[in-house]
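Structure record follows, encoded as structure tokens.
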Amino acid sequence: MFRLFYTIALIAIATAAPAQTYNQIDEQGNVTQRSERERVANFNPHNNDTTTYNETPVGLHVWTVDRRFGDIRPAEIDTMPHMFMRTTFNEGLHGEYNTTGNNFTARQNRIFADRPLTSQFLFTQPYSFVSVEPDQFHFVNTLSPMTNMSYYSCGDKTNGEDRLNAKFAVNANKQLGGGFTVDYDYARGYFSNQNTSHFGATFFTSYLGDKYQMHLLASTLQQKTSENGGLENDDYITHSEAYSESYSESEIPTILSQNWNRNNNQHVFLTHRYNVGFYRELERDTTDVNDTIVRREFVPVTSFLHTLELNNYKRTYIAYENPRRYYANTYLPSDTARDETRHLQIKNYLGVALLEGFNKYAKAGLKVFAAHELRKYTLPDLTTDSATYERKWTEHNISVGGKISKTEGHTLHYNATAELWLAGEDAGQLKADFDTDLNFPFLGDTIRLAASAYFYRLNPVFYQRHYHSRNFWWDNDLSKETRTRIEGRFTYGKTNTRLRVAVEEIQNYTYFGVSNDRTDNAIWDLTAGVFQHSGNINVLTAQLSQDLKLGPLHWDNVITYQNSSDESVLPLPALNLFTNLYLHFKIAGVLTVDLGADATFFTKYYAPEFCPQLNQYAVQQNVDTRKKLGDYPFVNVYANMHLKRARFFIMMSNVAYGSGNRLSFLTPHYPTNSSILRMGISWNFIN
């Protein structure tokens, strides 16, 4: 409650602050005094602000880069007020992820079409909420030093959550900029033995000259999660009336205690290019008809590209206590588990690009590239006399590929990329992608028709082929997995309608499975591993996003239908729904308010179980003990507000908790938190 009053006090101070004025200088050198409100109102966050001030100029440009080639892609600025209250949730912006209940824990997307491919170091992939891939990172070009501070909180020092994010960006000149981000995420947990703690820091810099361009990221991320293995008995939540005693959340017995997952990672990403081209002169008239200013514009024709990725991972699973007969197998001679593995990945891309648009005949761009990848792994192993030692694997890969694209113009765009692995562990692997969009005007707006397709023939990653630990062990001979997808998308901005339909066929689908036996208050003979389905699996996805508006009343909806041809291997909910009903209005013309409620709902299905020893979601394989989840609404009531440079919210989450039979689960045996008062604030500072 103290944090709530503190936040309100900060907002009150900002509201009561006297209006500041700035001297705006126009192109003719005339000075006009402008108010803070006028300056902010004239700033468009989606484009560069070219207005110049002799005190504190304000303006941001935000972009991401292509992970392979370093191409710049415009991005939405990450300080928009709409849906700010949802950014604190591990369950995703539209509630599409399954989690183990506590915030910042491992998660899996229920929408199969949005799941990423399995990464080489798959143990960190479930923490996508707190980690950012290089092609998702927002680079910044700013007219003045900028700092963003965000803080989220709920609960108290016993069971609450705290999330602190800070980002600083500064430019030395128009070409050179940089900064850093710091992220601290800590959730103590309302149930026992489930606290999470993550700390990450990233340094970034970019240089955007005419001939030379560069982007650099260097980051570290330390993660620690306490694992409780789920509840001993779901009836503590679903049928609490059967117990003579009343249990608080922290008193409900869990399967595990003194078990932890730890990840310690370091990453370097560098992409740079040298452009060869020519300068052409442009003339701009001034107020004096006899006076002109001549400007030169650089037109790149050819680029020489290089991208480097270096990823260093260390994962440790520690178990000081385990229930009797909990594991079906024990492979390493130790009383307690300390499963450790390390992975080093170094990847280099070299390419040449013929750029689009340097003359009227260059209607498309063309890139060719070659890549080399080095991968090293360590796992425990046993000698012939059962002594333990550290075994090392080294894998190399060489691949070549090309890309043809058209990105300029308004009507038609397309991209086609192919990469073939020629030598190494993944020899014969192939990835081919294609996407296109067609835009045309209709009734005062633009209809966008888009399509994409891919064909992948992928070698299962190392940890699907090999894994050694105290209680799980495999060395699999797996076939390549083949995936084919076709997707169509329709967007019409005037009616806020977005329709998406995708069909995917998978052969040799590779997945994790888990099996165990359960009684009312115990679990035993736990086994888990990697499996491959030799037949074909077909997945149909149809998603409609429709935002409706009537005066101040807004109703946003995302409805997703899915069908898997084999639910025993790839279980999916048939229907997934997110809806957000709210009033949008202003107070005193300066305080923007969204007041409403959002809800997430999905139909029943055999949701994957979480296996903490592998930090993976795995298919429930024991038909006698598997559980269905779903048909339960997760409802949040909120007030989301925006004042000047500050966004803040107050929310009561999961207000439907306790209704009916209280089936508040997103993962089997892992209940979600009950109704909690949450709050958050994000503030931009321009220095």
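Positive contributions from Lys and Arg (+1) and negative ones from Asp and Glu (-1), summed over other residues with Cβ under 10 Å from the Cβ of Val501, come out at +1. Per-residue packing, averaged as other Cβ atoms within 10 Å, sorts the ranges 604-611, 245-252 into the order 604-611, 245-252, beginning with the highest. Counting only residues at least eight positions apart within a chain, or on another chain, the lysines with an alpha carbon under 28 Å from that of Lys363 are Lys211, Lys403, Lys406, Lys431. Length available on full extension from Asp525 to Glu297: 0.36 nm per residue minus the Cα-Cα distance, which gives 75.1 nm. The Cα center of segment 177-207 and the Cα center of segment 407-440 differ in position by 33 Å. Taking amide H as placed 1.01 Å from N in the peptide plane, Lys604 has its amide H under 5 Å from the amide H of Asp631, each at least 5 places away in sequence or on another chain.
Taking Cα atoms only, the orientation of helix 2-16 departs from the longest principal axis of the chain by about 10 degrees. Taking the average, over residues, of other Cβ atoms within 10 Å as the packing measure, peptides 204-210, 118-124 rank 118-124, 204-210 from highest down. Counting only lysines at least 8 places from Lys314 when in the same chain, those with an alpha carbon closer than 27 Å to its own are Lys167, Lys224, Lys347, Lys376, Lys392, Lys480. Here the Karplus relation 6.51 cos²θ - 1.76 cosθ + 1.60, evaluated at θ = phi - 60°, turns the backbone of segment 455-469 into coupling constants of 9, 10, 10, 10, 7, x, 5, 4, 6, 7, 8, 9, 7, 10, 7 Hz, with x for every Gly and Pro.
Computed packing ranks the peptides 98-104, 681-687, 145-151 as 98-104, 145-151, 681-687, most packed first, by mean other Cβ atoms within 10 Å.
Projecting label points 7 angstrom from Cα along Cα→Cβ for Ser452 and Gln222 puts them 3.6 nm apart. Compared with the direct C-alpha span, the chain from Tyr274 to Gln546 gains 93.5 nm at full extension, assuming 0.36 nm per residue. If R0 is taken as 41 Å, the Cβ-Cβ distance between Leu93 and Thr336 corresponds to a FRET efficiency of 0.55.
Summed over qualifying helices (DSSP H, 4 residues or more, each -39500 (n - 2.57)) and divided by its residue number, the chain shows a 222 nm mean residue ellipticity of -1000 deg cm²/dmol.
For segment 339-426, relative contact order (Cα pairs under 8 Å, six or more residues apart, normalised by length) works out to 26 percent.
Placing a label point 7 Å from the Cα of Ala364 along the Cα-to-Cβ direction, the residues of segment 405-422 whose backbone N falls under 14 Å from that point are 405-408, 412-418.
Computed from the coordinates by the stated procedures, all read-outs in this text should not be read as laboratory data. Since this is a predicted model, take the numbers as computed values, not measurements. Reconstructed Cβ throughout: ideal geometry from the backbone, glycine too, with neighbour counts over all protein chains shown.
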